[in-house]
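To keep things clear, I will list the structure first and then write my remarks on it.
The values are calculated or read from the model by the stated rules, or taken from the named source; none is laboratory data. Source: prediction; values computed, not measured. Virtual Cβ from ideal backbone geometry, glycine too; neighbours counted across all protein chains shown. Ligands, DNA and RNA are excluded from the accessible area calculation, which covers all protein heavy atoms including side chains. Shrake-Rupley method; radii C 1.70, N 1.55, O 1.52, S 1.80 Å.
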Amino acid sequence: MKKVNFLIIGGSAAGTTAADAIRNLLPEASIAIVTDEDHEQYSRVLLPNYIRHQITREQMFLKKPEWYSERKIELIRGVKAVGLASKSKRVKVSDGNEIEYGKLLICVGGYVVPLNVPGADAEGVFYMRTVEDGDEIIEKSKDAKKAVIIGGGFVGLEFSSCFKMNGIEEVTTLVRGDYYWSKKLDEESSKVVVSTLSKNGVSVKTDEDADHIETKDGKVKAVVTKSGNRYEADVIGVGIGIKSDFSWLADSGIEIKAGIDTNEYLETNLPDVYAAGDCAEFYDPVFERKHLVGNWTNATSQGSTVGKTMAHSASSGQAGQRTKFETASSYSINFFSPPENGTCSFIGVTDEDFADKILVRGSFNEGKVTKILIKKYNGISRIVGATVVNHPPDVGPITMAVKNRVDIASKLLDLEKPDFDLKLLVA
Ligand SMILES: Cc1cc2nc3c(=O)[nH]c(=O)nc-3n(C[C@H](O)[C@H](O)[C@H](O)COP(=O)(O)OP(=O)(O)OC[C@H]3O[C@@H](n4cnc5c(N)ncnc54)[C@H](O)[C@@H]3O)c2cc1C
């Protein structure tokens, strides 16, 4: 049976960064990464750029095979972890083998939520998560004239420009809510995004829920919605969320809530077992709550932090240090090209329920909206998050204010003034 000091399940943002951090601290330790994808690490963030033909397929790959051999990190590709025996410290993998670990890191991210309506398995229904998804979208979009996107969120937005930039003339997005991206944006911000989509030839239909997909000879033909409307489609892009597969952990005793439950050190309830990235529901000291965060910066920052903690061993005096994860992350999406392009940034916590006060700067008429979420902590007023649509200069100062937990009580009135310079928040 294979035995390693450090076993990592999932070889993407969190897993690869953690392996690198451990190697930096422990030159002789044995490290293995198990991934069910048949690739070295690549960037999901760059996947839409590849589909839009802005970069080559090769440029998506962040690590070459030599990186793993030089760093003495064993990459076990195309193999899935299928069971965890935490008492004997073994992981069972899909090729029938077992791997014994000293410490185990779980960073399995998520898989796309499949569309569950009749016809959804027809040719021409796409998701956007893997290299193979990208290859298929490019190949099958070649002769397409009409596209329908199901889901008005982050991936739906990426599908819009990907379809357009693959030459598809008519692109229609169907969203369940009463306005576009209602789970993340306020209505005013949403209107700004929809206006950019419209200027780029993408139409949005609200209150539309897919009922079934009409097919012909196994290929998609149209999406029919519950309201009875029919939208013709040669291709369909689905972006309705991701979900982690924790079924292999069922008998392990690990605590799972919305994600794998961890403390601020990304330690789970099981000894020597850690979790990081999209699949970890971690205690966040910045916001004093547990939550899941699904973005690349969060995943890589957690990977490098948990690597330090894993490399640490009080008994053997190993290198590394038990390190708290305390970074507020943000991410931005740029869609379409100038002059009719748009940007959308999400900083810190963006769920409105979490905030005590919400301030909106800008408006649809101005073509930019920044929504700022404020919460009181023991008498201190802090910005805990924001969504910034079409106004990139706001992103830096707000991110700093969130990360540095700045008390903004004295600036609350100023913040409502449209000409208040946000840089003064952190001056
Ligand atoms: C199209 C797209 C665009 C994006 N753009 C942005 C962006 O602009 N900015 C941003 O911040 N974020 C972006 N994201 C989100 C970002 O990519 C994720 O937050 C990040 O990849 C999470 O990294 P992770 O390591 O936690 O998990 P993942 O990247 O999901 O990787 C987990 C890996 O584990 C594998 N795995 C799962 N189960 C097992 C198992 N049992 N055994 C073995 N392997 C397993 C999976 O196949 C996968 O390879 C984007 C995502 C997508 C899909």
Residues of the range 45-71 being surrounded by fewer than 19 Cβ atoms within 10 Å (Cβ to Cβ) and touching a Lys or Arg at 6+ places or on another chain (Cβ under 7 Å), which ones?
Arg71
Considering each residue of the range 360-418, count those that are in contact with a helix residue (DSSP H, G or I) (Cβ under 7 Å, 6 or more places away or on another chain) and of a type outside the set (A, V, I, L, M, F, W, C), and give that number.
13
Selection over the range 179-230 where residues are in a loop (DSSP other than H, G, I, E, B) and surrounded by 16 or more Cβ atoms within 10 Å (Cβ to Cβ) yields a count of 10
Criterion violated by Thr327 - all others in (1) under 21 Å from Ile260 (Cα atoms); (2) over 18 Å from the mean Cα position of the chain (by Cα); (3) at pLDDT below 90 satisfied:
(2)
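Residues checked against (1) away from the ligand (no atom under 13 Å from the Cβ); (2) of a type in the set (Gly, Ala, Ser); (3) surrounded by fewer than 15 Cβ atoms within 10 Å (Cβ to Cβ); (4) outside the structural domain of Ile8 (by TED's automatic domain parsing):
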position: Glu264; (1), (2), (3), (4): yes, no, no, no
position: Asp284; (1), (2), (3), (4): yes, no, no, no
position: Arg289; (1), (2), (3), (4): yes, no, yes, no
position: Val293; (1), (2), (3), (4): no, no, no, no
position: Trp296; (1), (2), (3), (4): no, no, no, no
position: Thr300; (1), (2), (3), (4): no, no, no, no
position: Val306; (1), (2), (3), (4): no, no, no, no
position: Pro338; (1), (2), (3), (4): yes, no, yes, yes
Checking Phe154 against (1) within 15 Å of the ligand (Cβ to nearest atom); (2) modelled with pLDDT under 95; (3) surrounded by fewer than 19 Cβ atoms within 10 Å (Cβ to Cβ), the condition it does not meet
(3)
If I ask for residues that are within 18 Å of Arg322 (Cβ to Cβ) and open to solvent by 10 Å² or more (accessible area, probe 1.4 Å), which ones from the range 15-34 would you list?
Thr17, Ala21, Asn24, Leu25, Leu26, Ala29
Quick one: is Gly10 closer than 16 Å to Trp67 by Cα, buried (at least 17 other Cβ atoms within 10 Å of the Cβ) and not aliphatic (A, V, I, L, M)?
no
Within the range 270-282, residues assigned to a strand (DSSP E or B) and more than 10 Å from the ligand (Cβ to nearest atom) come out as Val273, Tyr274, Glu281, Phe282
In the range 9-51, what count of residues is obtained for those that are touching a residue at least 60 places away in the same chain (Cβ under 8 Å), within 11 Å of the ligand (Cβ to nearest atom) and not in a helix (DSSP H, G or I)?
11
Of (1) part of a loop (DSSP other than H, G, I, E, B); (2) under 30 Å from Leu104 (Cβ atoms); (3) in contact (Cβ under 8 Å) with a residue 24 or more places away in the chain, Ser313 satisfies all except one. Which?
(3)
Quick one: how many residues across the range 98-116 are surrounded by fewer than 18 Cβ atoms within 10 Å (Cβ to Cβ) and away from the ligand (no atom under 13 Å from the Cβ)?
5
So, of the residues in the range 231-253 that are open to solvent by 20 Å² or more (accessible area, probe 1.4 Å) and of a type in the set (Ser, Thr, Tyr), which turns out to be farthest from the ligand (Cβ to nearest atom)?
Tyr231
Among the residues of the range 363-371, is there at least one that is open to solvent by 60 Å² or more (accessible area, probe 1.4 Å), part of a strand (DSSP E or B), more than 16 Å from the ligand (Cβ to nearest atom) and assigned by TED's automatic domain parsing to the domain that holds Asp421?
yes
